[in-house]
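The structure under discussion appears below in the form of structure tokens.
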Amino acid sequence: RSVRCGPPAAYTDASMAAWPESPGVETVDLRELSAGSLDPLLEAETRAWREELAWDFTASAGLVKRFVDTQSLNGVALIAGSRVIGYTYVVIEDDKGLIGDLFVMPDFATQQNEDKLLHATVDALMRTSGVRRVETQVILMQHPRHAAPPYAQHLRMFERCFMTRDLRSADDLWL
């Protein structure tokens, strides 16, 4: 059994929060990377989905690599030295910017790194012509959102719980 749920968010800052400082970590356009540079990151993400949510992310990781390889996947990567430690990808659908994923490798999954990646991604979407709405369900973020989101005067965040239960031991549910 597992429940991933953050506390209710309370934002008091109506202005855009400053980008979090994360020394030695930078953001780059996902299209600047080779698919091979994402291998350790995607292996860690596949492991995290399997261990935390009993979900096989292998096919999704393959799609990410294929689209990165053709430089056709928009998003942001988080780089520490020469290592890719996190990424997001985004899809523009009509007037919506959809953040399809946000993942930071467990050894680097600090609130600062997650925030830096989220801020850079939302900033890019807010500057994209025609985007009037941003949506996402970032299930594997490790840190609850205590600070105002980027562009807080324009965005609202809704906490969500993701619950799992092993149905093989759930006979009492069917009574």
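Descriptive notes on the structure:
- If you filter the stretch 115-158 down to residues that are of a type in the set (Val, Ile, Thr) and surrounded by fewer than 18 Cβ atoms within 10 Å (Cβ to Cβ), you find that the one that is modelled with the lowest pLDDT is Ile139.
- For the stretch 19-28, the criterion of a residue being modelled with pLDDT under 55 and assigned to a loop (DSSP other than H, G, I, E, B) is satisfied by at least one position.
- The conditions of being among the polar types (S, T, N, Q), at pLDDT below 90 and touching a His at 6+ places or on another chain (Cβ under 6 Å) are met by Gln111.
- The stretch 44-61, residues that are loosely packed, with under 14 Cβ neighbours inside 10 Å and in contact (Cβ under 8 Å) with a residue 24 or more places away in the chain: Ala54
- Those residues of the stretch 38-62 which are in a helix (DSSP H, G or I), over 16 Å from the mean Cα position of the chain (by Cα) and at pLDDT below 95, in sequence order: Arg50, Glu51
The values are calculated or read from the model by the stated rules, or taken from the named source; none is laboratory data. Here the structure is a predicted model, which is why all the values come from computation and not from measurement. Positions of Cβ are generated from backbone atoms using ideal geometry, with glycine treated the same way; all protein chains shown enter the neighbour counts.
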